[in-house]
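K.L.:
Structure in structure tokens, see below.
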Amino acid sequence: PPKVRIGYGKPSAVRNLHPSGFREVMVFKVSDLESIDPKVHAARIGSTVGTRKRKDIVEAADSKGIRVLNRGVL
């Protein structure tokens, strides 16, 4: 394969963005949602969060208008 050189990366304006256009913020508890701006950020729930707390996070995010990227089936 060809060597990686300058020019293979994404433009700096879209680097580290989710394909939906939001910046991802890891969330482990409901209070982590306080620092999220719904216009710029989207929440990703941590993998170690249990079902009960995951439900609470999803409900709080819905009430604040925050997008949850890994909502899953609850």
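K.L.:
For the chain, report the accessible area per residue in Å² (1.4 Å probe, heavy atoms, rounded to an integer).
P.N.:
With the other protein chains kept in place, the chain gives 75 Å² per residue.
K.L.:
Please state the relative contact order of the chain as a whole percent: Cα pairs under 8 Å, 6+ residues apart?
P.N.:
Relative contact order comes out at 26 percent.
K.L.:
Lysine pairs in the chain with alpha-carbon atoms under 17 Å apart, 8 or more places apart or on different chains: how many are there?
P.N.:
Counting lysine pairs in the chain gives 6.
K.L.:
Quantify, in whole percent, the carbon and sulfur part of the accessible surface of the chain (1.4 Å probe; protein heavy atoms only).
P.N.:
54 percent
K.L.:
Match the structure shown to one of the listed values (i) 3, 16, 20, 17, 14, 11, 8, 6, 4, 1; (ii) 3, 15, 25, 18, 12, 7, 7, 5, 5, 1; (iii) 3, 18, 32, 26, 16, 4, 1, 0 of P(r) over Cα pairs in 5 Å bins from 0, in percent, computed from it, and give that label.
P.N.:
This structure yields the entry labelled (ii).
K.L.:
While we're on this one: So how tilted is helix 51-64 from the main axis of the chain? Cα-based, degrees 0 to 90, rounded to 10.
P.N.:
80 degrees
The values are calculated or read from the model by the stated rules, or taken from the named source; none is laboratory data. Just so you know, these numbers come straight off a predicted model, no measurement behind them. Just the protein is used for accessible areas: all its heavy atoms, side chains included, with ligands, DNA and RNA removed. Shrake-Rupley method; radii C 1.70, N 1.55, O 1.52, S 1.80 Å.
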